[in-house]
Amino acid sequence: MSSSLLGFKVDHLLTNELDYELRVRGSVPQGTDPGKKKILRGALKQESMNRSVHNPVVTFTFVEEQKAIADTIADLSVKITDFNGLTTNFGYVNPDGLIEDDNNFTIEVKYPFVLKSCSIEQRVTVKKIKFLANDEEGLLYLRNTYPYYYQIQGQLHLSGKEYCYFIVWSPLGPIHVEEICRVFKEQNVS
């Protein structure tokens with residue numbers, strides 16, 4: 001099982017996260033972060049190859065567990081302090097454009113390199129563009145299982161907009177323009 005299937009990438013882990021991942025795999029975290037990342041990658045590779053890897057049960061005391069949770073919350077709090085959630089704050093949302101005369105639309109444009117010499121339809125037909133598919137009527141649409149779809153939904157949610165014009169551009173034309181509606185609405189989380 002690769003680290004991306006586990007929900008993290010080794011290169012993105014912080015020191016305390018590296019230490020935790022190594023400890024739960026029975027390794028004593030020592031050395032520099034690059035060294036720890038190398039050891040963790042090796043352990044993950046062993047796990048993915050289904051070799052017998054000894055994963056001892058690591059027990060933490062209640063106090064250690066509480067401290068780890070508090071440290072994680074503190075780290076997250078530092079990262080999100082400057083995001084106020086207002087529609088004017090696009091620090092964490094970066095649509096390719098906004099339609100000025102209509103406050104409900106963002107624009108997201110994609111130009112995949114594979115479209116350099118072929119049309120969008122040609123590339124979808126031979127499955128070189130995996131984020132688009134044809135519906136029953138033969139019309140192209142963005143797959144709602146593809147990361148671009150979730151990127152757009154996140155942009156809509158954080159910006160407070162309702163719609164996005166999703167555009168796929170090709171120099172050979174025609175371009176694909178699709179209106180994507182926000183599906184994740186505000187929820188009362190308490």
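The values are calculated or read from the model by the stated rules, or taken from the named source; none is laboratory data. Just so we're clear, the structure is a prediction, and the values are computed from it rather than from any experiment. Note: ideal-geometry Cβ built from the backbone for every residue, glycine included; neighbour counts use all protein chains shown.
Descriptive notes on the structure:
- Scan of the range 120-169 for residues that are surrounded by 18 or more Cβ atoms within 10 Å (Cβ to Cβ) and over 22 Å from residue 105 (Cα atoms), ordered by number: 120, 123, 124, 129
- Residue in the range 15-32 that is among the small types (Gly, Ala, Ser), at pLDDT 80 or above and farther than 30 Å from residue 158 by Cβ present: yes
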